[in-house]
Amino acid sequence: GFTKSLKEKLNQIPDIWSIFIYFSEDLPEDTIIGDELFKGMFPSPRQRVLLSFSNKPLTEEEGRVSKIVEIGKEAFADNPGLEKVYDFGNSIKIIGEKAFNNSLTQDLYVSELEFPDTLEKIGAEAFVGSKINRVTFNNKKDTPISRTIGNHAFKGLDLDILKGVDAADFNSNAGDFP
């Protein structure tokens, strides 16, 4: 299927390369990225994979479309070549258990995750093994947002900035924040 075909094409590319993956506006509404769909697809840290769950970069607000509502369990796990998620889009509701476990491991000066106000749940151990140092949870103005953050979702990350969520609540089950 799709994953096997993509893996075959990626194996034909030289060991050192960069690729920016956008998810198309042609996707059906409420698209779910299935469990383990991209697991282990970018195994080399010499690969530089940049990911956006919208059809255009953040700098292009006009016409930006995002139809991904859920990222499944271990969907992008075990991908040392996955360098950065630029944009979770504006429709994501659920990030599954271990979705990015042992991915996003590049040593970048600043490695940030910014979640939209649509996000409702982050599964257990979703970002364990990542090298993220800034996390922002966006909230709608004057609207409290209820989110579920699974056990150890951010455990072991060396966070220096945490925005949009109470640090005490975050530490109680999600990870460690100074």
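The values are calculated or read from the model by the stated rules, or taken from the named source; none is laboratory data. Bear in mind the structure is a predicted one, so any value in this text is a computation, not a measurement. Ideal geometry is used to build each Cβ from the backbone, glycine not excepted, and the neighbour counts take in all protein chains shown. Accessible surface is based on the protein model in full, side chains and every heavy atom, while ligands, DNA and RNA are left aside. Shrake-Rupley method; radii C 1.70, N 1.55, O 1.52, S 1.80 Å.
What pairs can you find where one residue is in the stretch 44-55 and polar (S, T, N, Q) and modelled with pLDDT of 80 or more, the other is part of a strand (DSSP E or B) and open to solvent by less than 20 Å² (accessible area, probe 1.4 Å), and their Cβ atoms are less than 8 Å apart, with a gap of 6+ or different chains?
Pairs found: SER52/VAL85; SER52/ASP87; SER54/ASP87.
For the stretch 113-122, does any single residue satisfy the condition of being surrounded by 18 or more Cβ atoms within 10 Å (Cβ to Cβ), at pLDDT 65 or above and in contact with a helix residue (DSSP H, G or I) (Cβ under 9 Å, 6 or more places away or on another chain)?
No; the residues of the stretch 113-122 include none that is surrounded by 18 or more Cβ atoms within 10 Å (Cβ to Cβ), at pLDDT 65 or above and in contact with a helix residue (DSSP H, G or I) (Cβ under 9 Å, 6 or more places away or on another chain).
Only one of ASP158, ASP176 is over 13 Å from ILE122 (Cα atoms), at pLDDT 65 or above, among the charged types (D, E, K, R) and part of a loop (DSSP other than H, G, I, E, B); which?
From the options ASP158, ASP176, the qualifying one is ASP158.
Among what's in the stretch 10-43 and is at pLDDT below 80 and of a type in the set (A, V, I, L, M, F, W, C), pick the residue that is surrounded by the most Cβ atoms within 10 Å (Cβ to Cβ). Steps first, please.
Our first condition is that a residue be at pLDDT below 80; within the stretch 10-43, this holds for 10-22, 24-25.
Now narrow it down to the ones that are of a type in the set (A, V, I, L, M, F, W, C): 10, 13, 16-17, 19-21.
Numbers: LEU10: 16, ILE13: 10, ILE16: 9, TRP17: 13, ILE19: 14, PHE20: 12, ILE21: 14.
Selected residue: LEU10.
Of all residues in the stretch 67-102, which are surrounded by 23 or more Cβ atoms within 10 Å (Cβ to Cβ) and touching a residue at least 60 places away in the same chain (Cβ under 8 Å)?
GLY96
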